[in-house]
Every structure is written in C-alpha cells, then in structure tokens.
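Report on one structure; see the data block that follows.
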Amino acid sequence: AILFQLNPAVDIATGLVAYYPFSGNAGDSSGNGNHAVNFGATLTTDGFGIVNKAYNFNGINNYMNVPYSNSIGIQRSFSSSVWINMSGGGCNPRVYELHEVLNCGGYTLMVMGTSNTSRTIDAGFGACTGPSTSLSNNGFSLSAGVWHHISVTVDGTTGTGKLYIDGVLVFTKPGIPITSLNYYGAALTIGNINSGVS
C-alpha cells in the first residue's frame, strides 16, 4: 500500500491526499479521486500473504501514473508511508516521484543501486531552485527481497526531514522553511522514473 499525506498527523485522515491499498486495482481510497493508471504492473501477494494486495513492477518499463491535481501538488509539508520489497530491476528505481520542474525538485522516494542483497534509500521534498530537504546519504541500507515499511516526513515550517524504516527513526536532517512549489501539471509516477523525464 502507498499512502501520501499533506501534513504529518496522528489522524491519517487529516490532510490525506491519496491512499493506494492496492485492493485488486490502483484506485485511490482517500476520496480525492487521485486514481492511478497502471502501465504493466501486475498484481501479486503482499507482505502479509494476501493475494492481489500489492503490485509487482519489473524495474524496467512498468509504472503507474496519477494525473496531476491540486491535491497531489503538495505544498509546504509532506509525509508518505509505503511498503516495498526490492529485487532485480535497473539502477535507482523510484518508488514514487513528482517533479516540481523537469527532473528536479518536488517529492521522491527511490531505492539506490541494483544489488539483490542490500540497497540504500533516498528521499526528498522541496523546490528545485529553492529550499528543499534531501534525505539521501543517510547511511542506512535495506536488505533486498524482504518487505520493508518506509515513512518520510518533512515539516515545511522548519524544513526538517525524517526517514523511518520499519517503524524506527533512522535519519533526521534539519533544513530551512519550504514554501510554494510549481509542479507544472506533471503526473505523479509510482514504480519507476517519471515517464515524462529523459
């Protein structure tokens, strides 16, 4: 499942932008209508053994696109929560990304490298030519072939970003306040690099 939220909060319904439980389809269950269009990803069993509750992306040309809406054009503060299981695929596959301008800024979560034993996580949120918070070079590696829960939060008021792996805070990075971002109407891409970026 993938969940995007506007502001970190205890009540996940507050500020919820999109929620993809992958219950046999790529529909958004948040009520905001941010449904994903699937390009080749196949349903599979999730980390709890439930059939057709996760999607397999081949790491080459499978992806999902969510057409741009004001709600996914997240401003100021950001949080996301995802379950991933990595194996195979090309270099630095994206879990999700929406660029602020072409191939720059916005919000992203990617897996670094191609190893089938261990990979690192890179996340970021903010403006291409302005304040942003990058949670890269965090020194934390994930074992491949195993399900992991990854959460990212960025407090836009302070610019402080946090990365949680399997419920444990593994990296905090202070920053500077993040204000408005321009997403130029681009789609949110799940499972691959944004298809509109070369």
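Readers should treat all values here as calculations from the given coordinates under stated rules, not as data from a laboratory. For clarity, every value in this text was computed on a predicted model and none was experimentally measured.
Side notes on the structure shown:
- Grouping the Cα pair distances of the chain into 10 Å bins from zero gives a pair-distance distribution of 10, 38, 41, 11, 0 percent in increasing distance order.
- Amide proton proximity set for Leu16, modelled H, under 5 Å, gap of 5+: Leu6
- Average Cα contact separation per residue, the range 50-118, under 8 Å, 6 or more apart, as relative contact order %: 27
- Viscosity 1.306 mPa s, 10 °C: Kirkwood-radius Stokes-Einstein D of the range 124-198 over Cα pairs, µm²/s: 112
- Cα-based shape type of the range 12-64, given that a ≥ b ≥ c are square roots of the gyration tensor eigenvalues and the cut on a/c is 1.5: oblate
- Contact order relative to length of the chain, as percent, for alpha carbon pairs under 8 angstrom and 6 or more apart: 21
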